Amino acid sequence: MNFPSKLIEDAVNEISRLPGIGKKTALRLVLHLLKEDTSSSMQLAEAIVKLRTEIKYCAKCHNISDAEICQICTSPRRQQQLICVVEDTRDVLAIENTAQYQGLYHVLGGVISPVRGIGPSELKIEQLIERIKTAETPVEEIILALSPTMEGDTTAFFVTKKLKEFNIKVSTIARGIPIGGELEYTDEITLGRSILTRTHYQTD
């Protein structure tokens, strides 16, 4: 692809690095920005800079947050005794969009994957254990809402083993979600029903 300007080429190359955006789409976006008022481009640039420099991760659940403790963890309307364990923020968003869950979350930051060199120590599993130990409101149930993949199942099994020392119910979302599918791509109705019809997690 030939560009009339090195500046346009650089912008296209950077934008096309984003997932799902090819060079042609990136070029359309760049040309659109050039047609917009300068203020619009500056607002976009400022928002991206703030995103990278000011975003935080909740000290309790490790979800993306604007403050030290996120809005979900501080909400008096959430069920403090219920924690849903997920892989990342995208899964929190997917579950929240179902409007079927009113408990708290714990974001692991990934799943166990030996192929990719990700072991239990790279995840927020120990932080979950410590959170349960120090919780002001005793945790009564842990919901494992991990994608039904081999890595997700391995992670769920490991977490359940770590929870054996506690007298806590461990459940998993119902398998209305296709095996091998990703949680974030599941439609809201199916995901909502899977949360509501969760089942006891068996390790034996």
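Coordinate-derived values only; no laboratory data. Since this is a predicted model, take the numbers as computed values, not measurements. Glycine gets a Cβ as well: all are built from the backbone with ideal geometry, and neighbour counts include every protein chain shown.
Tabulated data
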{"item": "Cross-link reach list, lysines versus K6, counting only Cα pairs under 23 Å and skipping chain neighbours closer than eight places", "result": "K23, K24, K35"}
{"item": "Sequence ranges 149-159, 69-79, ranked by mean other-Cβ count within 10 angstrom, highest first", "result": "149-159, 69-79"}
{"item": "Segment 79-86 - phi-based ³J(HN,Hα) in whole Hz, Karplus 6.51/-1.76/1.60, Gly and Pro as x", "result": "7, 5, 7, 10, 10, 9, 8, 10"}
{"item": "Ordering of 41-52, 132-143 by burial proxy (mean other Cβ atoms within 10 Å per residue, highest first)", "result": "132-143, 41-52"}
{"item": "Rough spin-label spacing in nm, given labels placed 7 Å along Cα→Cβ, for E165 and L34", "result": "6.1"}
{"item": "Length gained when the stretch A59-A47 is fully extended (0.36 nm per residue, less Cα-Cα span)", "result": "2.0 nm"}
{"item": "Straight-distance crosslink candidates among lysines, where the alpha carbon sits under 20 Å from K56 and sequence neighbours closer than 8 are dropped", "result": "K124"}
{"item": "Per-selection Rg to Rh, segment 1-64 - Cα, Kirkwood hydrodynamic radius", "result": "1.11"}
